[in-house]
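Encoded as structure tokens, the structure appears first; notes follow it.
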Amino acid sequence: DNTIGNDNTALGNNALQSNVDGVGNVGVGNNALWSSTGNYNIALGLEAGDDITTGSYNIIVGYGVDAASASDDYQLNIGNILFGDLDTGGDPKIGAYKYCDENLSNCFTAATAASGGTAALSAITAA
């Protein structure tokens, strides 16, 4: 129940339920950003970002998708497939569960690449 904050958008049962004074949040979907007391978070999907407590500037998309940390800032999680650390004060990073070439025919995981690479990795880096 946001009573003090402003510029928030909540669409869905219990979306932004715990956000009393947050600013600039968007929660779309039942229970989206349910526990959040932070600012400038975006969560789209049923129960998306419902684990975020004090974190701010997070983007969470997908059914039941959560942030890696309930209290960190600048997190990205799209469908538990694309992840990021969007901290603008440092070095933003975006990673994926699986990496593929432009045709999506040669794919590998970060764990495979870290353990010595694959033919797919060689093919992609040679291009």
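The values are calculated or read from the model by the stated rules, or taken from the named source; none is laboratory data. Predicted model, so just to flag it, every value in this text is computed and none were measured. Don't worry about glycine lacking a Cβ; one is built from the backbone with ideal geometry, like all the others, and counts go over all protein chains shown. Ligands, DNA and RNA are stripped out before the accessible areas are found, and what is left, the full protein with its side chains, is counted by its heavy atoms. Shrake-Rupley method; radii C 1.70, N 1.55, O 1.52, S 1.80 Å.
What the table shows:
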quantity	calculated
Complete set of residues in region 81-91 that are free of Cβ contacts under 8 Å to residues at least 12 places away in the same chain and either on the phi > 0 side of the Ramachandran plot or assigned to a loop (DSSP other than H, G, I, E, B) (or both)	89, 90, 91
Members of region 53-65 found to be over 19 Å from residue 92 (Cα atoms) and touching a strand residue (DSSP E or B) at 6+ places or on another chain (Cβ under 7 Å), listed by number	62, 65
Some residue of region 12-28 being among the acidic types (Asp, Glu) and within 21 Å of residue 92 (Cα to Cα)	no
Hits in region 75-102 (condition: β-branched (Val, Ile, Thr) and open to solvent by less than 80 Å² (accessible area, probe 1.4 Å))	78
